[in-house]
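Asks: Sharing a structure with you now.
The values are calculated or read from the model by the stated rules, or taken from the named source; none is laboratory data. If you're wondering where the values come from, they're calculated on a predicted model, not measured in any experiment. We place every Cβ from the backbone using ideal geometry, glycine too, and count neighbours over all the protein chains shown.
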Protein chains: 2
Amino acid sequence: MKAKRGRKGATRKSGRGGARPKRAAAKPLAIGIDLGGTNLKGVVMAEDGVRRHEYRVPTEATRGGAQVLANIVKLVGMLIESEGGTEQIRGVGIGTPGFVDGDGLILGGAENIPGWKGNNMFKPIVSRYGLRATAGNDVTVAALAEAKYGAGRGIANMALFALGTGIGGGIVINGHVYKGTHGMAGELGHIQVEREGLPCTCGRRGCVEQYASATGIVNNAKILCAKMSQVTPFVELVRMHPEQVTSKVVYDYVAKGDAGAIAVHEYVCDHLAMAVGIVLDSLPPDRVVLGGGVLQAGQIIVDTVARHTGKYCWPQIRERCDIVAAQCGDAAGVLGAAALVFDEMGG
Amino acid sequence: MKAKRGRKGATRKSGRGGARPKRAAAKPLAIGIDLGGTNLKGVVMAEDGVRRHEYRVPTEATRGGAQVLANIVKLVGMLIESEGGTEQIRGVGIGTPGFVDGDGLILGGAENIPGWKGNNMFKPIVSRYGLRATAGNDVTVAALAEAKYGAGRGIANMALFALGTGIGGGIVINGHVYKGTHGMAGELGHIQVEREGLPCTCGRRGCVEQYASATGIVNNAKILCAKMSQVTPFVELVRMHPEQVTSKVVYDYVAKGDAGAIAVHEYVCDHLAMAVGIVLDSLPPDRVVLGGGVLQAGQIIVDTVARHTGKYCWPQIRERCDIVAAQCGDAAGVLGAAALVFDEMGG
């Protein structure tokens, strides 16, 4: 199938020559796709962050990389249809777990989608719709969303730690997303904060992900509660019913003032603060944004990490960086994917 | 004293109006100043790195910040005189220990110069010579020198670890020096690689500087040799004459194949590799450059760090980054300071 014509007959090749009537330039739009483990989210968005159309379709990760890619292509088609053509659409941005290079090639790191590595995400979009495509790690693009539309507005240099099942990271430098030459920048969840620490899924030990992700919080709760001398209701729950413990449960008890839960909370926040401190000394972001599902526990995580971070970086740097909660919520990935189009292809 | 006129009568205000004969544009030049503990180095340099004039004057650090600043201003004057005026000179770049902001204000971190903090380095240069000025941390600008003229040529994203008495760091992103909003980027020597490690001059513990700087290597040699069961000639020397041990001595024994010295070498390189791995996961530079006086020991440090780094970052990232020795030597600071002028003010 060759390049599709939009409803108004404009082709993707506008500007390549031929007579074309002048008129007021239409507002450029971008398609953003967020590849989640369960759903693909898609959006048509203007540069100011206003969303025009949104769809959600199943990812079907278990059916393998080729099916996931087909679903992405289908979702892009739905978004184009809803917009009535590709005329105003500057390009397609995709946020994906793992690593993707500048040509759209999946380099790995998204182990929950069998056969995802080695796929090229751009080719079918370019050949089917005649749209340019770009991509980035899902948390990398989420950082761009926070910088443009959320907790990092007006900030030139920003870092995001997304605390979910694991920990992802994203870096914004001089107002633009920083992906690194091969799209691998910002693996902040694998900053090692204990040399001989807990084993990580990446094969190493002591990565901050093993402490401050939802999984890490639960694991550390079990480890710490087994050793605690003061048996609080939380400690008792963890010892008796470890299978009931989630990061939400930990923070429910923190909210109740349970000393055992608070000790776990301080321990994990202290470990996260060390990773934040390392990022501060290396990069000096002007703002560190903490996001992801774990942050549903609220401001207490931000405050505690902020309190501990000074131990792990230069005071001159610490006093020029604030640490805040993310604002874009679940939409960060899809907004960031669309924002990537404007960031890289111009507004 | 008002703006000084150059030998050919060209003033710093050329281009601001008034008749001025047109002629072939002269090659733009930059003045670079490297503020060392003992000497100030100064250079007039073209963008291709060719040096036209070089001077060296005593820093007089012990006489305090005001004297050091006066010496810098004097050195800039000498370089202008040697060039016959300011006509071709695009600006003055200064590399300084510690932190300096975008307005030339010293924010701190160079404790060996009393009264250095709070000085503004740009004002006397602008008012006296009518030249624009810029500045950066000395290792930050050295990283730019390596990227432009040394081990990082052709590399978009690069990080430098400078192993001297301490450890400094510098980051180049997309071919440009990255200073962070407040000029504090790249404090890579204070990445913590042991949570409860050796106390650092910065007040924290376990910074990589305490392991892989010249000072750190010597301290760790003493600590490790005190515990070693195999008493090699090196171990004996360290135990009997600890005052004779320098990082050079350690590496002289490494070169002789002394098992005790090699154990120290492996230990410190392993710690440095962890910091390199953290930088790789965060930033993905395409190349990490190791420089500073400690690297006089040769390629063995590079090779050993390269061997250990894979333990501390994603394999996909490690395989796309090489680790090499610096090439600009002692000149990196002054070349980088001049290069900063072209990097920030255009060529």
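Asks: Please state which one of B:Glu87, B:Glu194 is within 14 Å of chain A (Cβ to nearest Cβ), acidic (Asp, Glu) and in a loop (DSSP other than H, G, I, E, B).
Replies: Values: B:Glu87 fails: within 14 Å of chain A (Cβ to nearest Cβ).
B:Glu194 is the lone residue from the list that is within 14 Å of chain A (Cβ to nearest Cβ), acidic (Asp, Glu) and in a loop (DSSP other than H, G, I, E, B).
Asks: Still on this structure, I have one more. When both residues are 6+ apart or on different chains and their Cβ atoms are under 7 Å apart, which pairs have a first residue that lies in the stretch B:124-138 and is without any contact (Cβ under 8 Å) to a residue 24 or more places away in the chain, and a second that is hydrophobic (A, V, I, L, M, F, W, C)?
Replies: So the pair list comes out as B:Val126/B:Ala133.
Asks: Sticking with this one: Based on this model, can you work out whether A:Thr62 counts as more than 20 Å from the chain's Cα centre (by Cα) and farther than 20 Å from A:Phe122 by Cβ?
Replies: Here the answer is yes, as A:Thr62 does meet what is asked.
Asks: Also, I was wondering about something else. Just one of the numbered conditions (1) modelled with pLDDT under 95; (2) more than 14 Å from chain A (Cβ to nearest Cβ); (3) part of a helix (DSSP H, G or I) is not true of B:Val249; which one?
Replies: The single condition B:Val249 does not satisfy is (1).
Asks: Does the stretch A:110-127 contain any residue that is surrounded by fewer than 24 Cβ atoms within 10 Å (Cβ to Cβ), more than 14 Å from chain B (Cβ to nearest Cβ) and more than 29 Å from B:Pro315 (Cβ to Cβ)?
Replies: In the first step, residues of the stretch A:110-127 are kept if they are surrounded by fewer than 24 Cβ atoms within 10 Å (Cβ to Cβ); the result is A:110-112, A:114-115, A:117-120, A:122-124, A:126-127.
Filter once more, keeping what is more than 14 Å from chain B (Cβ to nearest Cβ): A:112, A:114-115, A:119-120, A:122-124, A:126-127.
Then drop every residue that is not more than 29 Å from B:Pro315 (Cβ to Cβ), which leaves A:126-127.
Looking for residues that are surrounded by fewer than 24 Cβ atoms within 10 Å (Cβ to Cβ), more than 14 Å from chain B (Cβ to nearest Cβ) and more than 29 Å from B:Pro315 (Cβ to Cβ), one finds at least one in the stretch A:110-127, hence yes.
Asks: For B:Gly18, are the conditions met, namely being modelled with pLDDT of 80 or more and part of a loop (DSSP other than H, G, I, E, B)? Reasoning before the result, please.
Replies: Details: modelled with pLDDT of 80 or more: no; part of a loop (DSSP other than H, G, I, E, B): yes.
The answer is no for B:Gly18.
Asks: At least 2 residues that are more than 23 Å from B:Gln192 (Cα to Cα), at pLDDT 95 or above and away from chain B (no Cβ under 14 Å) in each: list the helices (runs of 4 or more DSSP H) lying fully within the stretch A:256-347 that qualify.
Replies: Details: elements: A:259-282, A:299-309, A:315-318, A:332-345.
Answer list for the stretch A:256-347: A:259-282, A:299-309, A:332-345.
Asks: Might you check whether a residue that is touching a Cys at 6+ places or on another chain (Cβ under 8 Å), part of a strand (DSSP E or B) and facing another protein chain (nearest Cβ under 7 Å) occurs anywhere in the stretch A:203-211?
Replies: no
Results for (1) assigned by TED's automatic domain parsing to the domain that holds B:Glu194; (2) out of contact with any Asp or Glu (no Cβ under 9 Å at 6 or more places or on another chain); (3) of a type in the set (A, V, I, L, M), shown as yes or no for each residue.
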| position | (1), (2), (3) |
| --- | --- |
| B:Pro233 | yes, no, no |
| B:Arg239 | yes, yes, no |
| B:Ile262 | yes, yes, yes |
| B:Leu272 | yes, yes, yes |
| B:Ile278 | yes, yes, yes |
| B:Leu283 | yes, yes, yes |
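Asks: May I ask you to verify whether A:Gly65 is free of Cβ contacts under 8 Å to residues at least 60 places away in the same chain, closer than 22 Å to A:Ala331 by Cα and away from every other protein chain (no Cβ under 14 Å)? Explain how you work it out, then say what you get.
Replies: Details: free of Cβ contacts under 8 Å to residues at least 60 places away in the same chain: yes; closer than 22 Å to A:Ala331 by Cα: no; away from every other protein chain (no Cβ under 14 Å): yes.
Judged against the criteria, A:Gly65 is not a match.
Asks: Now, a different point. Identify the single condition in (1) farther than 30 Å from A:Arg63 by Cα; (2) in a loop (DSSP other than H, G, I, E, B); (3) of a type outside the set (A, V, I, L, M, F, W, C); (4) within 16 Å of the chain's Cα centre (by Cα) that A:Lys179 does not satisfy, given that it satisfies every other one.
Replies: Exception for A:Lys179: condition (1).
Asks: Moving to a separate point now. Considering only the stretch A:259-276, state which residues are more than 19 Å from A:Gly166 (Cα to Cα) and in contact (Cβ under 8 Å) with a residue 24 or more places away in the chain.
Replies: Looking only at the stretch A:259-276, we keep the residues that are more than 19 Å from A:Gly166 (Cα to Cα), and these are A:259-263.
Result: A:Ala259, A:Gly260, A:Ala261, A:Ala263.
Asks: Which one is surrounded by the fewest Cβ atoms within 10 Å (Cβ to Cβ) among residues in the stretch B:75-109 that are charged (D, E, K, R) and closer than 25 Å to B:Ala26 by Cβ?
Replies: Here is the first cut: in the stretch B:75-109, the ones charged (D, E, K, R) are B:81, B:83, B:87, B:90, B:101, B:103.
Retained after the next criterion (residues that are closer than 25 Å to B:Ala26 by Cβ): B:81, B:83, B:87, B:90.
Working: B:Glu81: 13, B:Glu83: 18, B:Glu87: 17, B:Arg90: 20.
Here the residue is B:Glu81.
Asks: I've got another one for you. Can you confirm whether the stretch A:175-183 contains a residue that is within 11 Å of chain B (Cβ to nearest Cβ), buried (at least 24 other Cβ atoms within 10 Å of the Cβ), among the aliphatic types (A, V, I, L, M) and touching a residue at least 60 places away in the same chain (Cβ under 8 Å)?
Replies: For the stretch A:175-183, residues within 11 Å of chain B (Cβ to nearest Cβ), buried (at least 24 other Cβ atoms within 10 Å of the Cβ), among the aliphatic types (A, V, I, L, M) and touching a residue at least 60 places away in the same chain (Cβ under 8 Å): absent.
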